[in-house]
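Engineer: Have a look at the structure that comes next, please.
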There are 2 protein chains.
Amino acid sequence: MLDERKASILRAVVEGYIETAQPVGSGHVANAPGVTVSSATVRNEMAALESDGYLAQPHTSAGRIPTEKGYRYFVDTLSEPVLDRASAQQIRAFFDRTHGEIEEMLAATTRLLSGLTNSAAVVVRPGHESSPVRTVQIVGLAPSTALFVAVLADGSVEKATVELLVEADEAVLEAAARHLATHLTGRPLATLAQVPPALETTVEAVVARVRLAGVSASADEQVFVGGAASMAASFEAVHTIRSVLSILEEQLVVVSLLRDVVDRGLSVAIGSETGMQPLAECSLVVAPYTVDGEQVGTVGILGPTRMNYPQALAAVAVVGQRLGHRLSEG
Amino acid sequence: MLDERKASILRAVVEGYIETAQPVGSGHVANAPGVTVSSATVRNEMAALESDGYLAQPHTSAGRIPTEKGYRYFVDTLSEPVLDRASAQQIRAFFDRTHGEIEEMLAATTRLLSGLTNSAAVVVRPGHESSPVRTVQIVGLAPSTALFVAVLADGSVEKATVELLVEADEAVLEAAARHLATHLTGRPLATLAQVPPALETTVEAVVARVRLAGVSASADEQVFVGGAASMAASFEAVHTIRSVLSILEEQLVVVSLLRDVVDRGLSVAIGSETGMQPLAECSLVVAPYTVDGEQVGTVGILGPTRMNYPQALAAVAVVGQRLGHRLSEG
DNA sequence: GTTGGCACTCGGTAGCATCGAGTGCCAACG
DNA sequence: CGTTGGCACTCGATGCTACCGAGTGCCAAC
C-alpha cells in the first residue's frame, strides 16, 4: 500500500502524536529512529500522506496528526505486539493471586486491564441460557411470593422472584420444583420455556408463573466496567468524558458495541469504526476469551484514539487468554 | 445565630451562586426577593458575613461565594424541603412501574435519583449475615470443587465456590449439606462460622472448607452507583471529575463514606465534612431506608457543593422512603 | 530524487489599554 | 444611629498589537 519510507514516516507521526498529544512536525519525524531522510523530504512525503488521507493538518503551519485511516494503517501493519516485562509480570501475579467468585474475578479483571492501559476496561460475561441445569429449587418467601433458584453447571446461580398470584404451601412449591427438575436437569436453562404443564392444577399454577419469570432472568449478558477514572484522565474535554461515561453506563449499549466489533472480526475499532458518534475520539480494543475452546465472552478497553496501541493490544490479548485459561481450569 | 437580614442575604448569595456558578455581587443580592435594603447596606452586611466566615471573596472586586460554613447554615435553616410536582410524579411512576429482582431495582433507583438531581447516585444494600437461612445446598462442580448455595429469608441467594482439597462424591456433599442445614436453617448466615464439626471425617473435610469459604462471602455490603455522567457534567475541572470517579469506583470507600455520614446523624455532608480530601468540592446528601421498621440501607447522591440542596434533600428523602415501603411489601 | 534555503503562515504569548462589575469608605439623610 | 447614595479604587476579563517560532510549501542546487 505505502512504500517503506512513507510507512515509517506515518509510523513516526502516529507514535509522536500518541506520546505528546501535539501535532508532529517534519523536524521531529526526521529525527525519529527509522527515518533517515531530511526534513524537507519528510515534508514532501507528509504532503502526499495528507492528500492520501492518512494525515491531517489542524491548520496551516502546524504539524500533522493521524486520521482514522492513518491509525488504521498503523495498527494493521503493527508487528505482533509483545507485552513489556512489567505488565506481563503484573498479569501473571494477578491470575496467581485471584481466587473466589467469578463475578468478583471479572470485576477485578477490569481493574487490572484499566491499570495496564490507562483506559476504561470492560468484561462481558455471556448469559447462561445454554448452560445445563444442575439443581432446581423453589423457596417460599411470602404467602404468594416464591424464589426460583437454579444452579447451573458452569457454577452460576440464577434466581427469579415469582409472584404466584395464588397462595401456595410448601408441598405445592416442592411438587412444582420436582416437576421442573425432571424436565430441566441436564438441559439448558432456556428449556424452561418449554417445560410441559404439570398435571395437578395448583402445581401447574406455580410452574406457569415460574416459566414466565424465569425465562427473562437468564438471558442477558453481564457487563463489568472498571477504570472510568483513568479513562477520564485521557481526555481534556469534559463533554467527551461525559458522553463516554453515559455510554459505559448503559450495559446494553456496551454489549452490542463489543459484539458488533467482534462480529466484524476486528480487534481494534478506531473512532467512527465503533459506529457510535459519541465515541468519535475513542478507540476500542477487544479480544474474545474462550473457556474449554468455546468463545464465551469478551474483554476490551475503551480509550482515546491516540492510545498506546501496541501496549493495549498486547495487554488485552494476554489478559483475555489468561482469563480463558483460568476459567477453564475451575 | 444570624439576624434575619443577614440570613436572607446569605440565602440570596447561596441561591445565586448555585444558579449561576458565578460570585454574587451586592447588586444582585439587593434585587433578590426577600431583601429590601440597598446594595450599600448589603455590602456592609456581606463584609460582616465574610469576617464571620460565611462568605468568601475569590479576589477583591469580585462578588462573594458561600464557604462551607455558609452552605451549612443555608442547609440547616432550610424550611422542610418539598418536592416539585414533576419529580414527585416521576418517583411515583417509577415505583409503580418497577418490578423484578431487587438488584435490578436498586440499580434502577440510582438512575432515578441521578436523573432527579443531576448528580451521581448511590444505593447501599447491607450484607446478609444476619438474615436467617432458608435452605442450604452444596453442588459439585468438578471433582474437588463445589458450590455452596444458601437461600436466605430476605430472598437473597448467597453462593461461594469451595475448593475441597480432596475429591468428594455426591453422597458426601449431600451429607455435608444436611449437616450444615441442621445447624443453619432458621439462623443467621453468620452462624456458619460456628457450625460444629461433622462426625464423619470425609464429611467434616467438606464442611470445614465451606465454613472457610462461606463466611467471607456474605459479609460485605453491595453498592450500586449510577449517573456518573450527570455528575461529570456538574464540574468543569477534569481533575475533579477524575478524583470523584475513582472514589465512586471503590465500593469499600463509598460504603464507609456513607456509613460515616449517616452515623453522624447528618443528611448532608458538605465539602470537607465528607472527611475525604478529594471531595472538597462535593456534597453528599443521604437518607437511610427502612424495611419493616428496621434501617437496612442507605440511598444518597454525590454532587458539587453548589448543588440544588432543597431539591436534592427532598428527592433523596422521598426516594429513600418509597424504596423502603416498596421493599417492605414484598 | 534529495536536500538546504527561504519566504510565508498562523497559533501562542506577552504587553498594554480599556471596560465594567464589584468593593470599601464616607458623608449626608431621615 | 442605621441606612443610603456617591465615589474612588481594584482587578479580572476582553480586545488589540507586536512578536516569536514551529512548521509549511516551493525552488534551485546538488
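The values are calculated or read from the model by the stated rules, or taken from the named source; none is laboratory data. Quick caveat, the model's predicted, so the values are computed rather than measured. Glycine also receives a Cβ, built like all others from the backbone with ideal geometry; neighbour counts cover every protein chain displayed.
Engineer: Consider B:Glu273 against the criteria (1) acidic (Asp, Glu); (2) modelled with pLDDT of 95 or more; (3) closer than 30 Å to B:Gln194 by Cα: it satisfies all of them except one. Which criterion is unmet?
Structural biologist: It is condition (3) that B:Glu273 fails.
Engineer: Using the structure shown, decide if A:Glu249 is among the acidic types (Asp, Glu) and either under 14 Å from A:Ser119 (Cα atoms) or buried (at least 21 other Cβ atoms within 10 Å of the Cβ) (or both).
Structural biologist: Working: among the acidic types (Asp, Glu): yes; either under 14 Å from A:Ser119 (Cα atoms) or buried (at least 21 other Cβ atoms within 10 Å of the Cβ) (or both): no.
No, not satisfied.
Engineer: So, one more: Run down B:Thr41, B:Thr60, B:Thr36 and say which single residue is away from every other protein chain (no Cβ under 14 Å), within 13 Å of DNA strand C (Cβ to nearest atom) and assigned to a loop (DSSP other than H, G, I, E, B).
Structural biologist: Values: B:Thr41 fails: assigned to a loop (DSSP other than H, G, I, E, B); B:Thr36 fails: within 13 Å of DNA strand C (Cβ to nearest atom).
It is B:Thr60.
Engineer: Specify which of the listed residues (A:Ser243, A:Ser234) is closer than 28 Å to B:Glu236 by Cβ and in contact with a Gly (Cβ under 9 Å, 6 or more places away or on another chain). Working first, answer last.
Structural biologist: Details: A:Ser243 fails: in contact with a Gly (Cβ under 9 Å, 6 or more places away or on another chain).
Answer to the check: A:Ser234.
Engineer: As an exercise: evaluate B:Thr274 against (1) surrounded by 19 or more Cβ atoms within 10 Å (Cβ to Cβ); (2) within 14 Å of another protein chain (Cβ to nearest Cβ); (3) under 20 Å from B:Ile65 (Cβ atoms) and give the number of the one condition it does not meet.
Structural biologist: Failing condition for B:Thr274: (2).
Engineer: Oh, and also: How about region B:34-71: which of its residues are surrounded by 19 or more Cβ atoms within 10 Å (Cβ to Cβ) and farther than 23 Å from B:Pro304 by Cα? Outline the logic, then answer.
Structural biologist: Step one: of region B:34-71, the residues surrounded by 19 or more Cβ atoms within 10 Å (Cβ to Cβ) are B:35, B:42, B:45-46, B:49, B:54-55, B:63-67, B:70-71.
Result: B:Val35, B:Val42, B:Glu45, B:Met46.
Engineer: Please count how many residues of region A:274-306 are touching a residue at least 24 places away in the same chain (Cβ under 8 Å), aliphatic (A, V, I, L, M) and not in a strand (DSSP E or B).
Structural biologist: Applying the first criterion (touching a residue at least 24 places away in the same chain (Cβ under 8 Å)) to region A:274-306 yields A:276, A:278-279, A:281-292, A:296-306.
In the following step, the residues that additionally are aliphatic (A, V, I, L, M) were identified as A:276, A:279, A:284-287, A:291, A:296, A:299, A:301-302.
Filter once more, keeping what is not in a strand (DSSP E or B): A:276, A:279.
The number of residues fulfilling the criteria is 2.
Engineer: Which residues, taken from region A:145-165, are more than 7 Å from chain B (Cβ to nearest Cβ), free of Cβ contacts under 8 Å to residues at least 40 places away in the same chain and assigned to a strand (DSSP E or B)?
Structural biologist: Result: A:Leu152, single match.
Engineer: Look through region A:293-315, keep the residues that are modelled with pLDDT under 95 and of a type outside the set (D, E, K, R), and return whichever of them is nearest to A:Asp260 (Cα to Cα). Let's see the steps before the verdict.
Structural biologist: Going residue by residue through region A:293-315, those that are modelled with pLDDT under 95 are A:293-297.
Checking which are of a type outside the set (D, E, K, R) leaves us with A:293, A:295-297.
On the way: A:Gly293: 21, A:Gln295: 15, A:Val296: 15, A:Gly297: 13 Å.
Of everything passing the filter in region A:293-315, A:Gly297 is nearest to A:Asp260 (Cα to Cα).
Engineer: If a residue must be free of Cβ contacts under 8 Å to residues at least 40 places away in the same chain and assigned to a helix (DSSP H, G or I), how many such residues does region A:44-57 contain?
Structural biologist: 5
Engineer: Let me ask something additional. Pick from A:Thr240, A:Thr202: which is outside the structural domain of A:Ser114 (by TED's automatic domain parsing), surrounded by fewer than 23 Cβ atoms within 10 Å (Cβ to Cβ) and in a helix (DSSP H, G or I)? Talk me through it step by step, then tell me what you get.
Structural biologist: Working: A:Thr240 fails: outside the structural domain of A:Ser114 (by TED's automatic domain parsing).
Every option except A:Thr202 fails the conditions.
Engineer: Return the residue satisfying two criteria in turn: it lies in region A:22-33 and is closer than 19 Å to A:Leu2 by Cβ and within 11 Å of DNA strand C (Cβ to nearest atom), and of such residues it is surrounded by the fewest Cβ atoms within 10 Å (Cβ to Cβ). I'd like the intermediate steps shown before the answer.
Structural biologist: Restricting attention to region A:22-33, the residues satisfying the condition of being closer than 19 Å to A:Leu2 by Cβ are A:24, A:26, A:29-30, A:32-33.
Narrowing further to those that are within 11 Å of DNA strand C (Cβ to nearest atom): A:26, A:30.
Numbers: A:Ser26: 22, A:Ala30: 18.
The extreme case among them is A:Ala30.
Engineer: Among the residues of region B:187-198, are any within 21 Å of B:Ala142 (Cα to Cα) and part of a helix (DSSP H, G or I)?
Structural biologist: no
Engineer: What do you reckon, is B:Leu189 within 20 Å of B:Ile102 (Cβ to Cβ) and more than 13 Å from chain A (Cβ to nearest Cβ)?
Structural biologist: For B:Leu189, the condition - within 20 Å of B:Ile102 (Cβ to Cβ) and more than 13 Å from chain A (Cβ to nearest Cβ) - is met.
Engineer: So which of B:Ala21, B:Ala62, B:Ala40 ends up being on the phi > 0 side of the Ramachandran plot and within 14 Å of DNA strand D (Cβ to nearest atom)?
Structural biologist: On the way: B:Ala62 fails: on the phi > 0 side of the Ramachandran plot; B:Ala40 fails: on the phi > 0 side of the Ramachandran plot.
On inspection, the qualifying residue turns out to be B:Ala21.
Engineer: Which one is farthest from the chain's Cα centre (by Cα) among residues in region A:9-29 that are under 17 Å from A:Ser61 (Cα atoms) and free of Cβ contacts under 8 Å to residues at least 24 places away in the same chain?
Structural biologist: Within region A:9-29, the match that is farthest from the chain's Cα centre (by Cα) is A:Gly27.
Engineer: Pairs please, first residue from region B:98-113 and part of a helix (DSSP H, G or I), second anywhere and of a type in the set (Ser, Thr, Tyr), Cβ atoms under 7 Å, 6+ apart in sequence or on different chains.
Structural biologist: B:Met105/B:Thr98; B:Ala108/B:Thr98
Engineer: Could you please let me know if A:Val225 is β-branched (Val, Ile, Thr), at pLDDT 95 or above, touching a helix residue (DSSP H, G or I) at 6+ places or on another chain (Cβ under 7 Å) and in a helix (DSSP H, G or I)?
Structural biologist: Working: β-branched (Val, Ile, Thr): yes; at pLDDT 95 or above: yes; touching a helix residue (DSSP H, G or I) at 6+ places or on another chain (Cβ under 7 Å): yes; in a helix (DSSP H, G or I): no.
Taking the combined requirement at face value, the residue does not satisfy it.
Engineer: Is at least one residue of region B:73-92 under 23 Å from the mean Cα position of the chain (by Cα), closer than 30 Å to A:Gln222 by Cβ and either assigned to a helix (DSSP H, G or I) or at pLDDT below 95 (or both)?
Structural biologist: Yes: one or more hits.
Engineer: A follow-up question, please. Looking only at residues in region B:63-109 that are of a type in the set (Val, Ile, Thr) and closer than 30 Å to B:Ser39 by Cβ, which one is nearest to DNA strand C (Cβ to nearest atom)?
Structural biologist: Top of the filtered list is B:Ile65.
Engineer: Separate question: Which one is nearest to the other protein chains (Cβ to nearest Cβ) among residues in region B:44-54 that are more than 9 Å from DNA strand C (Cβ to nearest atom) and in contact with a strand residue (DSSP E or B) (Cβ under 9 Å, 6 or more places away or on another chain)?
Structural biologist: If we take residues in region B:44-54 being more than 9 Å from DNA strand C (Cβ to nearest atom) and in contact with a strand residue (DSSP E or B) (Cβ under 9 Å, 6 or more places away or on another chain), then B:Tyr54 is nearest to the other protein chains (Cβ to nearest Cβ).
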